[in-house]
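*Asks:* Okay, here's the structure, questions in a sec.
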Amino acid sequence: YVYFISSGDMRQNIKDAHGMAMSYGLTNPSGRLTYGLEMNFSTYGDEKHEEEYDMGNGEMALQEINVRNNFMNIMGFTRMNFKAQGNFRPYALFKAAYAHYFTDLAISDADDQDHCSSKNSDVVYQDGTFIAGVGGGLQIDLSTIFGKKRKDLMYLNLQSSMTTGGRVNYMNSDAPSASQQHQDQRTPSDVVAEPINTQTQILHQHHVGNL
């Protein structure tokens, strides 16, 4: 599990993000350095509402509009382990990554509680930039908690890091209320998606957020 807190203007424009991460690394023979790759996926905005949808045969049907704001980081990292071995291993971390921000739109039947299928779904905006960061953490061998587990088999990894990077355009479908008072003088632009009903060929417009 990962939890992201943004800073600066971004802090005023988007909410904190929640997501998942997975990583793979190799430690050198001395146990002091670990190199690897990490990928994480997080969501910082999720807006749902219902609209009347023209079915093209004179009927109107209630549809659910779901706009989700996400980002994905693909990074390489180098970890300096302060202890070559042991149940508790603190470390320092250096990483570089590509951050991909994207917003997707899905339209589904409001009466379909299982959301088995979407009438329309698409990525309506995306952008990216390179980022770099530093941090630290603590790797705990879970054999210290679950005594029957073999050592060096499962770990609890607690980590905190700070990243910075280039400029990126991103959407905020449900930004915090503080975004209305921030000092950024740029005028946000509306983003409108125009999905088409593939059965009736009727074009619909939906406001999906601000850029």
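The values are calculated or read from the model by the stated rules, or taken from the named source; none is laboratory data. A quick note: this is a predicted structure, and the numbers were derived from the prediction, not measured. Glycine also receives a Cβ, built like all others from the backbone with ideal geometry; neighbour counts cover every protein chain displayed. Side chains included, ligands, DNA and RNA excluded: accessible areas come from the protein's heavy atoms. Shrake-Rupley method; radii C 1.70, N 1.55, O 1.52, S 1.80 Å.
*Asks:* For the range 67-112, what D do you get in µm² per second when you plug the Kirkwood radius from alpha-carbon pairs into Stokes-Einstein at 10 °C and 1.306 mPa s?
*Replies:* It diffuses with D of about 110 µm²/s by this estimate.
*Asks:* At 1.4 Å probe size, with the rest of the protein present, what percent of the exposed accessible area of the range 1-61 is carbon and sulfur atoms?
*Replies:* On the way: 2270 of 4020 Å².
Using a 1.4 Å probe with all protein chains present, the range 1-61 comes out at 56 percent carbon and sulfur.
*Asks:* Can you list, bin by bin at 5 Å, the percent of alpha carbon pairs in the range 1-40, starting at 0?
*Replies:* Pairs per bin, as whole percents: 6, 18, 16, 14, 15, 13, 9, 6, 3, 0.
*Asks:* Taking amide H atoms as placed 1.01 Å from N in the peptide plane, list the residues 5 or more away in sequence, or in a different chain, whose amide H sits under 5 Å from that of Asn172.
*Replies:* So Asn172 has HN proximity to Asn210.
*Asks:* Give the calculated FRET efficiency between Arg32 and Tyr1 to the nearest 0.05, with a Förster radius of 35 Å applied to their Cβ-Cβ distance.
*Replies:* For R0 = 35 Å, the calculated efficiency reads 0.80.
*Asks:* Students often get this wrong: which residues of the range 15-36 have the backbone nitrogen under 15 Å from the point 7 angstrom along Cα-to-C-beta of Met72?
*Replies:* Once the point is set 7 Å along Cα→Cβ of Met72, 19-23 turn out to lie under 15 Å by backbone N, inside the range 15-36.
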